[in-house]
Amino acid sequence: MAKKTVAVIDIGSLTARLKIFEIGSKGKPKEIDAVRKITSLGTRSYRNGVIEASEMDELCNCLYDFEIKCREYQVSRIFCVATSAFRNAGNKDVVIEQIRIRTGFRIEILDNSMERFYHNLAVRETMPDFAQIVESGTMILDIGSGSLQATVYDKSDFIFSQNMVLGSLRIYEMLSDLQSRTIHYEDVLEEFIAQDLDDYHAVEPKGIVYKNMIAFGGEMGYIKLLAGKDPNKKCIIEKDEFLKVYEYLLNTRPSDLSLNDRIPTNISPLLLPAALIIKNMLEYTGVDKIYLPHASLSDGIIYHYCTKMMGYKPSINPDDDLIRAARNVAKRYKTDKKHIEFVEKAALEIFDTSRKLSGLKERDRLLLQLSSILHECGKFVHATDHNEAAYALIRYTDLIGLDSDELDTIALVVRLYPKQNPYENFYYRNLPPNKKVIVSKLTAMLRIADAMDASHRQKSKKMSVTLYPDKLHISLDASADMSFETWSFEHRSELFEQIIGVKPELKVRRHM
């Protein structure tokens, strides 16, 4: 396979970055050039809630320059993404359309989940020892300009992830007016950060023995620089080394950082908030060193592209983390584990057997699996209308790797599966046609899978699913009477027949 040149443009809160990659015969990307330009998008959009005309002009000029560089390398494909500065702007849709008209670039605004997914993917693929590190308790801090994502691994498994509106730039913007009103600004800053982190500690999993911390983000290169490390390479900073940097930032004015340490003026005020977040987490976890990878959003996007389109094999399957995350959410809301496992297995067997008729894709299979795992989490809140409660819980859950539309699909499937006629539901009626089809098919499959364990007693120990021209035959070997399950199946099978086109049939063989 001939080499291919692909570019990623990342429009962040403080900088716009262009990275150009060459993709080799094995699908692995290699960075061949990078350009960065300072912008002021986040500084004003966080404060004013809009992207102003002058900022749009500045960004368009930046994109013109990037386009010239891409033509120079004969780039075959360009990904152009934006993050929190655009996400939080009330006029983002108008600005994106104006930029498309003026420059030809179509900007995709990443929601928080996908932004963190790409960041985590970049870390995993650029750290050869990542799998070894996460064998023991590991805290991963993704410190962005607009928010902080804390992710926990233990025993090589993804355990938990939580987003906090605690980004370095957002903190600075929110508290900047305090600097002229108090001589104890650093103390106020620490209290502000500690308050949000305390809220995080209240919901994180207990019993994790932390051995490692990984921290990355836009300001980490300058933290490395102040620690005497190469900002463009991954490194390890011992706790005492970091605390020296922290003390230096605590006692040095941002203007002096720019003057003496050559740190850009728009970056220097953000280093202390970022360092305070790390210091707080160091004290909480008790680890003695910090891994600082050299990884960026652009790296994650290109690795994802290479995995999907160029045959690259990632070190860890990202879908495995999604499934583990869903299991941990289900555990947090005290769902019936054995029932969930039964429904998950049954739903996937139904999906796989009827795939030719349903026309659904592999990604849809993952959405059905996640729906099965989460379909009863609402009982933690409300026993009667648990599906309504589950819809809200899922919508506000961070499942890194799902975009907002996919998360909404799962929430809708969970909301609709117990409904006698989902077509009459307000939320269903307002879906676009293509999404109605996917939600209907996944809902129909989850309904009959759940019906086969209506009693939550897992009476069936063996299942086989066979597709015939006129029916989907499901055979169960049962150790107890399944009259309730058979009745439930009959009352929930009509939707499947309407949507998939064959009648589901349940045959129970009783074994004493």
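Every number in this text was worked out from the coordinates using simple rules, so none of it is lab data. Predicted model, so just to flag it, every value in this text is computed and none were measured. All Cβ positions, even for glycine, are placed from backbone atoms using ideal geometry, and neighbour counts span all protein chains on display.
Would you mind checking which residues have amide H under 5 Å from residue 109's amide H? H placed 1.01 Å from N; only 5 or more apart, or other chain.
It is 82, by chain and number.
Using only Cα atoms, find the angle between the long axis of helix 483-492 and the longest principal axis of the chain, and express it within 0 to 90 degrees, rounded to the nearest 10.
Approximately 70 degrees, to the nearest ten.
When the chain is fully extended, how far beyond the present Cα-Cα distance does residue 352 get from residue 324, taking 0.36 nm per residue of separation?
8.0 nm
Counting other Cβ atoms within 10 Å, which trypsin sites (Lys or Arg not before Pro) in the stretch 338-403 have at most 12 and lie in a DSSP loop?
361
Using only DSSP helix segments of four residues or longer, with each worth -39500 (n - 2.57), what per-residue ellipticity at 222 nm results for the chain after dividing by its residue count and rounding to 500?
Working: 23 runs with 257 residues, N = 512.
The helix-only estimate for the chain comes to -15500 deg cm²/dmol at 222 nm.
Under 5 Å between amide hydrogens, which residues at least 5 positions from residue 4 or on another chain qualify, with H placed 1.01 Å from N in the peptide plane?
Distant-sequence amide H within range of residue 4: 23.
Identify the chymotrypsin sites (Phe, Trp or Tyr not before Pro) of the stretch 312-413 meeting these criteria: DSSP loop state and at most 15 other C-beta atoms within 10 Å of the C-beta.
In loop regions of the stretch 312-413 (DSSP not H, G, I, E or B), the sparsely surrounded chymotrypsin sites (Phe, Trp or Tyr not before Pro) are 396.
Check cross-link reach from residue 435 to the lysines: straight Cα distance under 16 Å, and skip same-chain residues fewer than eight apart.
List returned: 361.
Measure nothing but the geometry: give the 0 to 90° angle between the long axis through the Cα atoms of 112-126 and the longest principal axis through the Cα atoms of the chain, rounded to 10°.
70
Mind checking which aspartates and glutamates have their C-alpha under 17 Å from residue 155, skipping anything on the same chain fewer than 8 residues away?
Excluding near neighbours in sequence, the set is 129, 135, 204, 320, 321.
Compute the helix-to-body angle for 362-374: its Cα long axis versus the longest principal axis of the chain, expressed 0 to 90° and rounded to tens.
Once rounded, one gets 80 degrees.
By count of other Cβ within 10 Å, fewest leading, how are 281, 310 ordered?
In order of increasing Cβ crowding within 10 Å: 310, 281.
Among the listed pairs 345/471; 206/334; 331/379; 338/379; 334/462, give every one whose C-alpha distance is greater than 23 Å.
Long pairs (Cα-Cα over 23 Å): 334/462.
So if I take the alpha carbon set of the chain, get Rg, then get Rh from the Kirkwood formula, what is the Rg over Rh ratio? Walk me through the intermediate numbers first.
Values: Rg = 25.5 Å, Rh = 25.1 Å.
When Rh is taken as the Kirkwood radius, the ratio is 1.01.
Size of the dipole of the chain about the Cα centre, Lys and Arg at +1 and Asp and Glu at -1 on the beta carbon, nothing else charged, in debye to 20?
So the magnitude is around 1760 debye.
Decide, for the stretch 128-294, between rounded, prolate and oblate: order the square roots of the alpha carbon gyration tensor eigenvalues as a ≥ b ≥ c, take rounded if a/c falls under 1.5, and otherwise choose prolate if a/b is larger than b/c, else oblate. Could you put the intermediate results ahead of the total?
Working: a/c = 2.08, a/b = 1.37, b/c = 1.52.
Cα axes put the stretch 128-294 in the oblate bin.
Excluding residues fewer than 8 places away in the same chain, name every one of the lysines whose C-alpha is closer than 17 Å to that of residue 234.
Within the straight-line cut-off, residue 234 pairs with 30, 224, 289.
Could you check the spin-label model distance between residue 337 and residue 259? Points 7 Å from the Cα along Cα→Cβ, value in nm.
Distance between label points: 6.1 nm.
For residue 100 and residue 188, calculate 0.36 nm times their separation in residues minus their Cα-Cα distance, and state this gained length in nm to one decimal.
Difference between extended and current length: 27.4 nm.
Could you work out the Kirkwood radius for the stretch 318-510, taking every pair of different alpha carbons, averaging 1/r and inverting it, reported in Å?
Details: mean 1/r = 0.0603 Å⁻¹.
16.6 Å is the Kirkwood radius here.
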